[in-house]
Amino acid sequence: MTDKTIGKQNGFTAAVKRAVKSSSFNIFIVLLLMSIAMYIVSKPFRSIDNVLSIARNFSTYAITGIGVSMVIIAGGIDLSLGSVFGFAGVIACMGMVNLGWAVFPSILLGLAAGAAFGLFNGMLVVRAKLPPFIATLGTLSIARSLCYILTEGYPVTGVPTTFLFLGQGYITGIPTPIWMMIIVAIIFAVFLNNTITGRRIYALGGNEEATRISGININRVKLLAYTLCSLLAGFAGIITASKLGVGQPTAGQGFELDAIAAVVIGGASLDGGEGTVTGTILGAAIMGVLRNALVLLSIKSHWQSLIIGFVIIIAVTADQLKKSRGK
Amino acid sequence: MENTTPNKAPYLEMKGITKRFPGVLALDDVDFSVELGKVIALVGENGAGKSTLMKILAGVYEKDQGEIFIEGNLVDIQDPLSARNLGVRVIYQELMDIGNMDIAENIFIGREKRKGIFVDKNAMHEEAKGLLKRVALNVDTRTQVAKLSIAQRQMLEVAKALSLDAKVIIMDEPTSSLTETETKVLFGIIQRLKEDNVAVIFISHRMEEIVHISDEVAVLRDGKMVGKLAKEEIEEQRIINMMVGREISDIFAKEDAEITDIALEVKDLNTDFLKDINFHVRKGEVLGFAGLVGAGRSEVMRAVFGIDKKESGQIYIHGEKVEIKSTVDALKHGMGLVPENRKEEGLVLGMAVKENISLASLKKLSQFNFINKKQEAKLADDYIKSFQIRTPSQEQLVQNLSGGNQQKVVISKWMAMEPDILILDEPTRGIDVGAKKEIHLLMSRLAKQGVAVIMISSELPEIIGMSDRIVVMHEGRIKGEITQENASQENIMKMAIS
Ligand SMILES: Nc1ncnc2c1ncn2[C@@H]1O[C@H](COP(=O)(O)OP(=O)(O)OP(=O)(O)O)[C@@H](O)[C@H]1O
Ligand SMILES: [Mg+2]
């Protein structure tokens with residue numbers, strides 16, 4: 001009896017209904033249409049290898065996107081993640097090459113380096129009360145500069161081959177980065193939907209004052225969001241270093257825009273309070289298919305950014321229109 | 001004043017208006033009409049559809065069905081601008097002005113006076129001055145709107161409507177945030193609007209006001225127009241019966257509860273506005289805070305609850321000195337606060353009803369940081385039922401609820417937290433008679449269970465009916481205390497003004 005009043009629907013049709021209603025459904029349709037179009041016009045697009053390579057490429061965007069989505073849901077923004085991405089990759093490689101550490105501790109070192117920058121961002125926002133835009137813009141510059149200072153501008157080479165498994169390996173025929181994306185997605189979807197902290201991140205972005213009055217330590221929530229964001233950006237950076245086989249001090253330049261675009265295309269609102277892991281992955285997938293399509297259709301690289309820029313603008317405009325019509 | 005048209009057709013007529021929201025039939029074939037120079041009250045329970053009907057008239061919502069006529073001509077109101085051009089102007093339940101602009105800029109926003117290509121500020125300030133005089137608002141036109149009290153902002157809205165030569169002015173719960181004196185000023189203005197042959201549509205949950213001001217009453221129930229009362233038929237009990245469809249009495253009465261130890265004591269509290277605040281509240285007691293809007297009642301509670309900074313002062317809870325530096329501390333010591341402004345401080349509008357209700361009790365609903373969603377749903381369901389929150393489901397976003405139902409959600413949130421000390425700041429603002437009684441009953445029941453209750457209210461009958469003791473404030477200081485036996489509207493007001 002209570003089942004009905006609680007409003008929970010069971011069964012397959014109900015699940016389908018809920019999926020169709022959910023905000024991610026529109027994005028899914030866009031992705032589907034894009035893929036079908038590409039399937040028709042481009043032969044190379046159809047190969048399973050191509051699909052896996054698209055997925056491998058966008059998995060790092062998705063992982064970073066999931067990180068920054070938490071900051072965006074909490075009502076902030078993180079522009080530093082491209083630099084943190086590069087920094088974590090460099091540090092992990094330096095752990096192996098310069099310090100002679102084993103692979104796993106070096107990865108942890110890289111993650112810690114990334115997380116440290118997140119904590120730094122969080123402190124700037126919470127303690128120094130800087131606007132997130134400014135604080136993370138500063139970090140963007142600092143972290144990138146540290147990459148160059150530590151490496152003197154040269155890539156860190158000579159990593160052990162076991163490290164390469166993270167970015168280049170396969171598990172049951174599927175590239176490791178895709179597995180990593182799936183694991184991260186599951187963990188953070190559960191985190192955002194089922195834990196107190198996740199709920200507080202949404203509440204904070206929805207109404208900071210009401211959240212504070214509800215007896216929630218909003219500073220702690222913010223610190224955590226920025227830290228997790230940088231941690232995931234760092235993880236994506238380490239995966240990329242493994243994919244490249246070197247710690248590139250330039251890795252991840254401009255990455256923040258793509259990751260944020262994936263989040264916004266995925267239905268998050270830059271005003272805070274809205275966004276999902278599923279949406280972010282779909283958003284990253286759209287970016288991935290689009291980039292792949294532009295290459296396969298031999299669009300000159302000078303034009304590619306222009307097209308991507310327009311796609312981002314169109315996606316966000318469509319979302320805004322949908323929202324204002326709902327009112 | 002007299003309507004000169006011979007057949008005395010109403011100036012504005014809405015016919016067969018129907019409006020559906022997902023899961024809610026908000027308006028069902030509603031007819032409604034207004035005449036110039038008359039005040040028509042639109043009443044109904046929370047969620048009956050009053051605001052929706054007015055938003056359709058104002059071009060904010062599109063109607064699904066129905067027609068609107070002005071002076072017998074079919075009109076097409078598509079957006080707020082076309083409503084404005086037809087002389088319809090709304091003063092909303094929620095304030096909509098732009099806080100960081102000054103008064104004159106606010107009045108003339110979007111139609112600034114110009115001299116060549118420049119904005120003619122002097123002319124704007126001149127005309128604004130005249131308008132403020134008409135609404136008896138005594139402030140400089142260069143004042144930032146954010147610095148005005150809610151009451152003053154409301155007056156400003158009326159001034160704005162006047163400057164637009166409105167023929168029909170809609171006031172959606174204009175008095176819910178005004179004190180008695182300010183309400184009187186507003187009624188003076190309404191009287192003058194009538195004389196200027198303006199039609200006023202007045203929405204309120206306060207029966208005395210409706211009886212006092214209206215020439216006609218239209219009653220909505222569950223989205224249907226259930227009837228109209230002409231001037232001579234207007235009577236409090238009759239309106240209430242039509243609204244709820246059953247008998248209900250509108251009296252506040254706290255049941256006797258055992259009043260025991262002191263639960264909360266505040267000593268020598270000072271902030272940049274408050275001076276020497278001393279008071280205590282006992283378990284089982286309801287302590288009322290009376291005073292004019294702006295007397296500092298909310299500020300006291302904000303400081304006690306750790307929202308605003310204290311300059312000095314001590315807080316004792318159950319006899320023990322405690323430090324309350326943030327709201328986190330306040331909750332740790334068993335305090336709850338239903339804040340004054342539900343939209344800014346009470347609710348996360350973009351979240352579901354369920355998630356708002358559970359927001360202050362998540363710890364209780366979880367194991368190892370994982371929310372037990374079944375328990376959460378049950379909690380929300382309990383409160384939706386016991387407060388009769390009108391919502392299609394607990395997943396509905398709070399922003400889609402009617403004003404009164406939103407208020408019920410805020411109160412549910414703090415009840416769910418099960419506080420030892422509960423502070424309620426204007427808890428029944430915008431709440432219909434039935435629900436109001438429900439809330440009073442709940443406060444009474446909580447006191448019986450040994451909870452210490454503090455209630456701020458600008459409604460004197462409510463304060464007098466519910467409080468065991470009444471603290472009266474004036475300009476940041478406590479002027480005195482009155483026991484329930486000695487409380488009357490007169491002696492509270494006397495204390496509050498001097
Ligand atoms: N934008 C919306 N989306 C969905 N439902 C809505 C929306 N606006 C109003 N409703 C629903 O329509 C019904 C009527 O709401 P309305 O705001 O008109 O009530 P009201 O009579 O003004 O109540 P109150 O006295 O509480 O202000 C309510 O059930 C409400 O939940
Ligand atoms: Mg309303």
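The values are calculated or read from the model by the stated rules, or taken from the named source; none is laboratory data. Please read these numbers as outputs of a predicted model, since none were measured by experiment. Neighbour counts are summed over all protein chains in view; Cβ atoms, including those assigned to glycine, are modelled from backbone coordinates with ideal geometry. Keep in mind that these areas ignore ligands, DNA and RNA; they rest on the heavy atoms of the full protein, side chains included. Shrake-Rupley method; radii C 1.70, N 1.55, O 1.52, S 1.80 Å.
Table for the structure above
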| item | result |
| --- | --- |
| Qualifying aspartates and glutamates (Cα of each under 13 Å from Cα of B:Lys267; at least 8 residues distant if same chain) | B:Asp276, B:Glu311, B:Glu320, B:Glu323 |
| Ratio of Rg to Rh over chain A (Cα coordinates, Kirkwood Rh, two decimals) | 0.98 |
| 15 Å beta-carbon shell around A:Ile142, net charge (K/R +1, D/E -1) | -1 |
| Net charge of Cβ neighbours under 13 Å - reference A:Arg200; Lys, Arg +1; Asp, Glu -1 | +3 |
| Spin-label pair B:Ser82/B:Glu311, simplified geometry with 7 Å Cα→Cβ offset, distance in nm | 5.6 |
| Over chain A, relative contact order from alpha-carbon pairs under 8 Å, at least 6 apart, % | 32 |
| Phi to ³J(HN,Hα) by Karplus 6.51 cos²θ - 1.76 cosθ + 1.60 over segment A:77-91, Hz, x for Gly, Pro | 8, 10, 8, 7, 5, x, 5, 5, 3, x, 4, 4, x, 4, 5 |
| Phi to ³J(HN,Hα) by Karplus 6.51 cos²θ - 1.76 cosθ + 1.60 over segment B:274-285, Hz, x for Gly, Pro | 7, 10, 6, 8, 10, 6, 9, 9, 9, 4, x, 9 |
| Area accessible to solvent at B:Ile324, 1.4 Å probe radius, in Å² | 10 |
| Euclidean distance between Cα centres, segment A:25-57 to segment B:385-440, Å | 49 |
| Sum of -39500 (n - 2.57) over DSSP H runs of 4+, divided by residues of the protein assembly as shown (222 nm, nearest 500) | -15500 deg cm²/dmol |
| Estimated inter-spin distance, B:Asp31 and B:Gln367, nm [label 7 Å along Cα→Cβ] | 6.1 |
| Size of charge dipole - chain A - debye, nearest 20, with Cβ of Lys, Arg +1 and Asp, Glu -1, no other charges | 820 |
| Beta bridge orientation in the protein assembly as shown: antiparallel %, DSSP, nearest 5 | 60 |
| Straight-distance crosslink candidates among lysines, where the alpha carbon sits under 18 Å from B:Lys254 and sequence neighbours closer than 8 are dropped | B:Lys283, B:Lys436, B:Lys437, B:Lys448 |
| For segment B:2-244, diffusion coefficient by Stokes-Einstein and Kirkwood Rh (Cα), 37 °C, 0.692 mPa s, µm²/s | 176 |
| Test item: Cα-centred dipole of chain B, Lys/Arg +1 and Asp/Glu -1 on Cβ, debye | 900 |
| Solvent-accessible area, 1.4 Å probe, carbon plus sulfur percent, for the protein assembly as shown | 56 |
| Cα-based equivalent ellipsoid, segment A:56-131: semi-axes from gyration tensor eigenvalues, Å | 25, 16, 8 |
| Highest average packing first - B:337-344, B:305-312, Cβ atoms within 10 Å | B:337-344, B:305-312 |
| Taking the convex hull of Cα positions in segment B:128-282, its mean projected area over all directions (nm²) | 14.0 |
| Inter-part distance where segment A:254-327 and segment B:142-211 are each reduced to a Cα centre, Å | 46 |
| Hits among aspartates and glutamates - C-alpha to C-alpha of B:Lys385 under 19 Å, sequence gap 8 or more where chains match | A:Asp3, B:Glu45, B:Asp222, B:Glu355, B:Glu376, B:Glu395, B:Glu418, B:Asp432, B:Glu438 |
| Stokes-Einstein D for segment B:262-497, Kirkwood Rh over Cα pairs, 20 °C, 1.002 mPa s (µm²/s) | 118 |
| Estimated FRET transfer efficiency (B:Arg114, B:Lys15; beta-carbon r; R0 41 Å; 0.05) | 0.50 |
| Protein-only accessible surface order, largest first, of B:Tyr316, A:Tyr39, A:Tyr148, A:Tyr154 at 1.4 Å | A:Tyr154, A:Tyr39, A:Tyr148, B:Tyr316 |
| Contact surface B-A: accessible area buried, both sides summed, square angstrom, 1.4 angstrom probe | 2500 |
| Beta bridges per DSSP with both ends in chain B, % antiparallel, nearest 5 | 55 |
| Hull volume in cubic angstrom per residue (convex hull over the Cα atoms of chain B) | 165 |
| Long-range HN-HN contacts of B:Leu42 with modeled amide H, under 5 Å | B:Phe202, B:Ile203, B:Ser204, B:Ala218 |
| Kirkwood-based Rg to Rh ratio, segment B:232-377, C-alpha trace | 1.06 |
| Exposure ranking of B:Arg134, A:Arg220 by accessible area [1.4 Å probe, largest first] | A:Arg220, B:Arg134 |
| Distance histogram in 5 Å bins (all Cα pairs of segment A:172-327, percent per bin) | 2, 7, 13, 19, 18, 17, 12, 7, 4, 1, 0, 0 |
| Two-site FRET efficiency, A:Asn194 against B:Glu208, from Cβ-Cβ distance with R₀ of 51 Å, rounded to 0.05 | 0.55 |
| At 1.567 mPa s and 4 °C, Stokes diffusion of segment A:94-157 via Kirkwood alpha-carbon radius, µm² per second | 99 |
| Computed over chain B: relative contact order in percent, which uses C-alpha pairs under 8 Å that are six or more apart | 16 |
| Computed over segment B:33-112, the ratio Rg/Rh where both radii use C-alpha atoms and Rh is Kirkwood | 1.00 |
| Efficiency of FRET from Cβ geometry, B:Asp222 and A:Leu52, R₀ 41 Å, rounded to 0.05 | 0.10 |
| Whole-Hz ³J(HN,Hα) from phi, Karplus 6.51 cos²θ - 1.76 cosθ + 1.60, for segment A:252-264, glycine and proline x | x, 5, x, 5, 4, 5, 5, 5, 5, 4, 4, 5, 6 |
| Amide hydrogen neighbours beyond the local backbone of B:Gly480, cut-off 5 Å, H modeled | B:Val472 |
| Residue mean of other protein chain beta carbons inside 10 Å, B:391-402 | 2 |
| Amide hydrogen neighbours beyond the local backbone of B:Val338, cut-off 5 Å, H modeled | B:Ile423, B:Leu424, B:Asp425 |
| Segment A:168-288, relative contact order [Cα under 8 Å, separation at least 6], % | 23 |
| Shielding score for B:357-366, defined as the mean number of other chain Cβ atoms within 10 Å | 4 |
| Relative frequency of Cα-Cα separations exceeding 47 Å in the protein assembly as shown, percent | 33 |
| Spin-label pair B:Arg477/B:Thr181, simplified geometry with 7 Å Cα→Cβ offset, distance in nm | 1.6 |
| q = 0.14, 0.18 Å⁻¹: log10 I(q)/I(0) that the Debye formula gives for segment A:69-226, counting C-alpha atoms only | -0.83, -1.14 |
| Average beta carbon contacts from partner chains per residue of A:198-210, 10 Å cutoff | 6 |
